[in-house]
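Report on one structure; see the data block that follows.
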Amino acid sequence: MGDIVTFPPKGGVPAFEGRGSKLEHPDLLPIFWGSYWPGTPPLTLDDIMRAIRSVVEGPYLDGLKQYGYVGPVTVRKPMLIDGNPWIVFPPGGDQEKAVSEAVDAFIRGMLQNDYRPANIDDNHDLIMMFFLDPSVPIPLKPPSTNVLGANNYIDQPDGLFDDYIRFERVWIATADFNLVRVSRTFCHELVEAITDPFGSGWHQIGAADGAGQIADMCDQPAQVDGADVVAYWSKDAGVCIVPTSGKRWVGLSSAVQGIPHDGPTRQAYVDLGQPLCPAGYFDYVERTFQNEATVSASIVGYESPLVTWTINGHAVPVGFGTIDVDVTWDLPPRSKATSVPFRNPTATLTTWTLSPSSTQLVIRVGPNDGNATLTVECTVVESFDNVNLAGAGSTVRSDSLVVDLTNQKIEWGQEYKDAAKHCSDLKHQAADPGPIPEPKPGDPPDLAQLLVRLLTEKGSNARERLDQAADLVRNRSTELSDTLTLYASRARER
């Protein structure tokens, strides 16, 4: 099951009552009434039929199962009725009523003249859905409400065939040639015809006339599988809903490209911190980078995503922008012999995103800037799920990623690298001197015990005894001799 997008209802939480009627297996007959059809872009019969099939074949109607809908909806081949409807609007009167009466009169004329589609008699799952010619203006209901569509029912005995005629009928205005609006109106009227047929289905308690069906207090626009739809009331969830196909998900990845820039060769005095390790002046260069980091968002399950980015909590503007971030520097050690100049504790990032739906963020920084750790966050929401459209934010998903930008570092020369390696080797020997060699002819018989005692004893003559031990084993183990010399140096410091 995919995500269910939720919206708060309009005007507070409604109370509904079920009065028994519903359409379990709707049988939908689209009727295009007027000489305009099959139409021309931007509004054609084929476009409307594609929207209809997308809606009924996808997950959008799944939320109606709580009302007794089973499905699926059968969509018949569309019927074209030539000739304009010639609906006359009474001056200052109820134009919605005039349209409904004209549609009902046409249907009753069809039935009386036996000009009826197949399988109408005793088919209570039938929905006749009329798409009016665009020449019919969008009707007004007093005092000044546009009515885009309406649903009601036909209910009469049929003596000729001894069957009872009862089915839903819907009309939809198309005067503005707007496919998006037509598709949304279709959804609004369809879910209401399914859940409140014959005036005896699910209806809001205490609602005004014509405003108590499950889409009336919702109707927020959304999209499902590319089709424009509207929300409807869920009695189980207590919110307006739009069931959708997939699970929404956001994931981030990054790639960094850097062009290095080396400064002049300099020298710094370095004490490697051990008595046997060399100290002195070593060559280095300061290497800075002109970095470009591209953070990409994989966005799954969205119809029309809006994307926002932040870097270390700072909002990234659409297009070009700048953001200041804290940085650190890799510097040579300070000493009396060398000084380190002041370095700026912040760096200015240049950012770029193409549009509010862009899935890429480009970050540029350097050269001559410090190192930065960036926490990049991407937040995505459906464009129809915003506060201006009464969105509840149920489609918000986000992900964050830490991007470490090495904008600057000290690159030491080979002499320093060799000295540092030698010092590291000596430290390793001091930590683990290895096995004590077996005595040879002429050595003291207790050489092993003597060396262990020398390595662990303390006192004023420890240095001299360690130096003597180092000379004693030099021909047998150079590493052990160096270790004893190192311990002797430490004894001098104590």
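The values are calculated or read from the model by the stated rules, or taken from the named source; none is laboratory data. Keep in mind that what you see is a predicted model, and the values were worked out from it rather than measured. Neighbour counts run over all protein chains shown; Cβ positions are idealised from the backbone, glycine included.
Just give me the residues in region 103-125 being among the aromatic types (Phe, Trp, Tyr) and free of Cβ contacts under 8 Å to residues at least 40 places away in the same chain, in sequence order.
The answer is Tyr115, and nothing else.
Could you tell me which of the residues Ala347, Ala315 is of a type in the set (Gly, Ala, Ser) and under 26 Å from the mean Cα position of the chain (by Cα)?
Ala315
Which of the residues belonging to region 109-134 are modelled with pLDDT under 95, more than 23 Å from Lys22 (Cβ to Cβ) and assigned to a loop (DSSP other than H, G, I, E, B)?
Scanning region 109-134 gives Asn113, Asp114, Tyr115, Arg116, Ala118.
Pull out all pairs, ordered by first then second residue, where Cβ-Cβ is under 6 Å, the residues are six or more apart or on different chains, the first lies in region 377-402 and is within 22 Å of Gly313 (Cβ to Cβ), and the second is assigned to a loop (DSSP other than H, G, I, E, B) and among the polar types (S, T, N, Q).
Close Cβ pairs (under 6 Å, with a partner that is assigned to a loop (DSSP other than H, G, I, E, B) and among the polar types (S, T, N, Q)) amount to Val381/Thr395.
Within region 22-39, how many residues turn out to be assigned to a loop (DSSP other than H, G, I, E, B) and crowded, with 20+ Cβ neighbours inside 10 Å?
Of the residues in that region, 6 qualify.
Scan region 40-60 residue by residue and report those that are surrounded by fewer than 16 Cβ atoms within 10 Å (Cβ to Cβ) and over 15 Å from Phe186 (Cα atoms).
Thr40, Pro41, Pro42, listed by residue number.
Considering only residues that are of a type in the set (S, T, N, Q) and surrounded by 19 or more Cβ atoms within 10 Å (Cβ to Cβ), look in region 212-252 and name the one that is nearest to Asp196 (Cα to Cα).
Going through the qualifying residues, I end up with Gln213.
Please give the number of the condition Gly71 fails out of (1) in contact (Cβ under 8 Å) with a residue 60 or more places away in the chain; (2) under 42 Å from the mean Cα position of the chain (by Cα).
(1)
So which residues in region 277-297 are more than 16 Å from Gly263 (Cβ to Cβ) and either outside any loop (DSSP other than H, G, I, E, B) or polar (S, T, N, Q) (or both)?
Matches in region 277-297: Ala279, Gly280, Tyr281, Asn291, Glu292, Ala293, Thr294, Val295, Ser296, Ala297.
Which residue is surrounded by the fewest Cβ atoms within 10 Å (Cβ to Cβ), if the candidates are limited to region 308-323 and must be among the hydroxyl-bearing types (Ser, Thr, Tyr) and either more than 10 Å from Trp352 (Cα to Cα) or without any contact (Cβ under 8 Å) to a residue 24 or more places away in the chain (or both)?
The selected residue is Thr308.
From the list Thr322, Thr310, Thr395, Thr373, exactly one residue is assigned to a strand (DSSP E or B), outside the structural domain of Cys218 (by TED's automatic domain parsing) and under 17 Å from the mean Cα position of the chain (by Cα). Which is it?
Only one candidate qualifies: Thr310.
Here's a check for you: in region 239-257, which residue that is among the polar types (S, T, N, Q) and part of a strand (DSSP E or B) is nearest to the chain's Cα centre (by Cα)?
Filtering first and then ranking leaves Ser253.
Working only within region 369-391, note down all residues that are farther than 16 Å from Tyr302 by Cα and buried (at least 16 other Cβ atoms within 10 Å of the Cβ).
Selection gives Asp369, Gly370, Asn371, Ala372, Leu374, Val376, Glu377, Ala390.
Please find, within region 275-323, the residue that is modelled with the highest pLDDT out of those that are among the acidic types (Asp, Glu) and closer than 28 Å to Pro264 by Cα.
The selected residue is Glu292.
From (1) at pLDDT below 95; (2) closer than 20 Å to Ile194 by Cα; (3) assigned to a loop (DSSP other than H, G, I, E, B), pick out the condition that doesn't hold for Ile154.
(3)
When you look at Leu61, is it modelled with pLDDT of 95 or more, assigned to a helix (DSSP H, G or I), of a type in the set (A, V, I, L, M) and in contact with a Phe, Trp or Tyr (Cβ under 8 Å, 6 or more places away or on another chain), yes or no?
yes
Farther than 20 Å from Thr244 by Cα, among the small types (Gly, Ala, Ser) and touching a residue at least 12 places away in the same chain (Cβ under 8 Å), is that true of Ser21?
yes
Does region 143-151 include one or more residues that are crowded, with 18+ Cβ neighbours inside 10 Å and more than 23 Å from Gly63 (Cα to Cα)?
yes
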